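This report refers to the structure that appears directly beneath it.
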Amino acid sequence: MDRKKVMKIAVIGVLLLSFCFLITAPIHADVGNSFSGGGGGHSSGGGGGYSHSYGGSGGLSGIFFLSSSPIGIVVLVLLVLYAVYNMRKGKGSANTYTYANPGIKSNEGIFEEEIIARIQEEDPAFSAENFRNYASEVWLTLQEAWEAKDWHKVRPFESNTLFNVHNRQLQEYIDHHKTNYMNMQNVRGITIASYSSDEEHEIVHVKLDASLLDYVVDDDSGKVLEGSKTDYVYRSYNLEFIRKKGIKTKEQEGTAVTNCPNCGAPTTVTSSGQCEYCKSIITNGDFGWVLNRYSPW
């Protein structure tokens, strides 16, 4: 049996038992009760509340009687809880949003200021604020392109390897007539988490915390196959950006995501990662930061 149904039956049972005790309990004059008889009316509201009124002020005297008895107090509390339960249940049919337990990871062990200082030792013009904004814009562009099933939108921002992996995964959704919706995205925090280098590249890892609605819909039937349209999920992402070793941030230059970092032309990139204007390959980190890995933190 459904857990909610069991709880409902249990509450009703306790209420009935309590009323049985009330019927046999002695009625004290000092309670101030006044049952005048007369036109007794009974009403049961849609919210599950239960009340009696016996003409004039009889309804209030009934409440005074309940509140003056220990068992009556229990009944009043149960009545209130039961009414609230049904009110909440009624609201559940509306298009409301709920929040799942946060899945955002701790920043413990990340010393961002030290990491930024290390990057700026190699690249004095590096701006942490601009880089965070760039990481946020790249992440949001990825979400929008994934939902729109148009992965070429992110071509300027991903390395060749990552682009090919994501493009293949997205094609599977297209082939199976499914759409992964990611709505109400909210970037809740961005932390520059690590910096390193190898023989060819500088590598920066960014921890991006976000909340969003994430669900998969069957394109033919409209049925939700995975996730929820109303339950937010919280996640921490690991974004790895790479740049060719030795490349420096130009003075007063932000990390643009709309222009070729080599020639400055509006970014129109071919499937091979080549700028349509200057023919430079701009998705291998030779001219600036590109996303090379996208995974949970």
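Restricting the range 103-168 to GluC sites (Glu not before Pro) that sit in a DSSP loop and have at most 10 other Cβ atoms within 10 Å of their own Cβ leaves Glu108. Here the label points at Arg293 and Asp231, each 7 Å from Cα along the C-beta direction, are separated by 3.0 nm in the simple model. Over all other residues within a Cβ to Cβ distance under 12 Å of Ile119, the charged ones net out to -4, with Lys and Arg as +1 and Asp and Glu as -1. For the range 107-144, backbone nitrogen atoms closer than 14 Å to the point 7 Å from Gln169 Cα along Cα-to-C-beta are found at 139, 142-144.
Holding the Cα-Cα limit at 21 Å, pick out from Lys149/Lys223; Lys153/Lys248; Lys178/Lys229; Lys105/Lys248; Lys153/Lys178 the pairs that are longer than that. Pairs exceeding 21 Å: Lys153/Lys248; Lys105/Lys248.
From the square roots a ≥ b ≥ c of the eigenvalues of the alpha-carbon gyration tensor of the range 126-215, which class results: rounded (a/c under 1.5), prolate (a/b over b/c), or oblate? Since a/c reaches 1.5 but b/c is at least a/b, the shape of the range 126-215 is classed as oblate. Modelled label positions at Ile110 and Lys245, each set 7 Å beyond Cα in the direction of Cβ, lie 2.6 nm from each other.
All of the numbers you see were taken from the coordinates with simple rules; none came from a lab. All figures in this text were calculated on a predicted structure; none of them were measured in a lab. Because the Cβ atoms are built from the backbone with ideal geometry, glycine has one as well, and the counts that use them run over all protein chains shown.
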